[in-house]
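The values are calculated or read from the model by the stated rules, or taken from the named source; none is laboratory data. No experiment lies behind these values; they were computed from the predicted model shown. Methodologically, a virtual Cβ is constructed for each residue, glycine included, from the backbone with ideal geometry; neighbour enumeration extends over all protein chains shown.
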Amino acid sequence: MKKYTKIKDLSHLTETIKEAILLKMNPFEYSDLGKNKTLVMLFFNASLRTRLSTEKAAKNLGMEVMVVNVNEAWQLEFGDGTIMNGNTSEHIKEAAQVISQYADIIAVRAFPGLTDKQTDASEVVLNSFVKYATVPIVNMESATAHPLQALADAITISELTEKKRPKVVLSWAPHPKALPQAVANSFVEMMQHPEVDLTITHPKGYALNPEITKGVSINYNQEDALKGADFVYVKNWSSYNNYGKILSQDPNWMMTQAKLGEAKFMHCLPVRRNVVVEDAVLDSKNSVVIAQANNRTFAAQMVLKQILEGL
Ligand code: CP
């Protein structure tokens, strides 16, 4: 694999998921693969799980890891032909090539601004690294996608499902801040699979990018959508059509034990208790959020392994 910026970069998804589950039993099986190789992780935004799980994955493969909080480095310019007499000190053209000399793989986290849909859709930060770096790039959550999270979610469902074709519901939930659509986008892309029966439920005005949800069942009635669900993935996202706006904070959309029933509860974390989901759900045996977070390591390890094999 030459890069992992989107789910479609994985050519053998089903096999990758199966191998990730096996890898959990023997995480150091490929500890020589990354010997004398370095992963540089660049964070333009905060992280707990992605940072620790990706570092752990790299170390399980024998790699060295360097982490940069980008706001502590020189401010980068991404514009082509910009007269750099403002706040930016270094152009991505130099920065990406320089970092490539220290790294065998570069991983990048860069969230959207949520003010301009076109700018966010162009994935300027991630795509600039793809363009100017000379080593493979891994997406640790970009403006529109979180493919490492989606791979961990697919591993979790595959491990826990008792059915050949489980019903999976992605349910919008309220949140006080405007959040990206990235996690929801990648989850929907990952679940568009013949072995999954996917439904999305959200209030009117919260439709995701129609190119991503094409062909997926959408139900504005949460209670109706949740009937017969095996897995319920709860996530807030801001409006896509009314870009980046909060249109509703209706607490009736919060996930409760009564609504969840016997379904497994999923969330990428971090999660706001008693806003997105009530305590009773997170504290119940049906919550699989800790297992999901654990699978972030093995998702990242499979991605790094496949890139290392191609170097
Ligand atoms: N789920 C997730 O990406 O967590 P972090 O933001 O803590 O990395």
In this structure, is Val281 out of contact with any His (no Cβ under 6 Å at 6 or more places or on another chain) and not in a helix (DSSP H, G or I)? no
Ala152 surrounded by fewer than 24 Cβ atoms within 10 Å (Cβ to Cβ), small (Gly, Ala, Ser) and within 20 Å of Phe111 (Cα to Cα): no
Scan segment 287-306 residue by residue and report those that are surrounded by 15 or more Cβ atoms within 10 Å (Cβ to Cβ) and over 19 Å from Leu22 (Cβ atoms). Ser287, Val288, Val289, Ala293
Being farther than 30 Å from Gly261 by Cβ and either within 19 Å of the chain's Cα centre (by Cα) or surrounded by 24 or more Cβ atoms within 10 Å (Cβ to Cβ) (or both) is the requirement here; does Ala95 meet it? no
Out of Glu19, Glu29, sole residue that is among the charged types (D, E, K, R) and touching a Leu at 6+ places or on another chain (Cβ under 8 Å): Glu29
Which of the residues spanning segment 231-245 are in contact (Cβ under 8 Å) with a residue 40 or more places away in the chain and in a loop (DSSP other than H, G, I, E, B)? Asn236, Trp237, Ser238, Tyr240, Tyr243, Gly244, Lys245
What's the total number of residues in segment 33-75 that are over 21 Å from Leu311 (Cβ atoms) and touching a Phe, Trp or Tyr at 6+ places or on another chain (Cβ under 6 Å)? 3
Considering only segment 237-286, state which residues are under 22 Å from His146 (Cα atoms), within 16 Å of the ligand (Cβ to nearest atom) and in contact with a strand residue (DSSP E or B) (Cβ under 8 Å, 6 or more places away or on another chain). Trp237, Phe265, Met266, His267, Cys268, Val271, Val276, Val277
What is the number of the single condition among (1) modelled with pLDDT under 95; (2) assigned to a helix (DSSP H, G or I) that Thr14 does not meet? (1)
Pick from Glu262, Glu223, Glu195: which is at pLDDT below 95 and surrounded by fewer than 19 Cβ atoms within 10 Å (Cβ to Cβ)? Glu195
So Thr115, is it at pLDDT 95 or above, assigned to a loop (DSSP other than H, G, I, E, B) and surrounded by fewer than 22 Cβ atoms within 10 Å (Cβ to Cβ): yes
Whichever residue in segment 57-73 is in a loop (DSSP other than H, G, I, E, B) and at pLDDT 95 or above and, among such residues, is surrounded by the fewest Cβ atoms within 10 Å (Cβ to Cβ): Gly62
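Here's the yes/no breakdown for (1) surrounded by 18 or more Cβ atoms within 10 Å (Cβ to Cβ); (2) among the acidic types (Asp, Glu); (3) over 17 Å from Lys2 (Cβ atoms):
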site	(1), (2), (3)
Thr119	no, no, yes
Ala133	yes, no, no
Glu162	no, yes, yes
Ala173	yes, no, yes
Segment 10-56: number of residues that are surrounded by fewer than 18 Cβ atoms within 10 Å (Cβ to Cβ), within 16 Å of the ligand (Cβ to nearest atom) and of a type in the set (A, V, I, L, M): 3
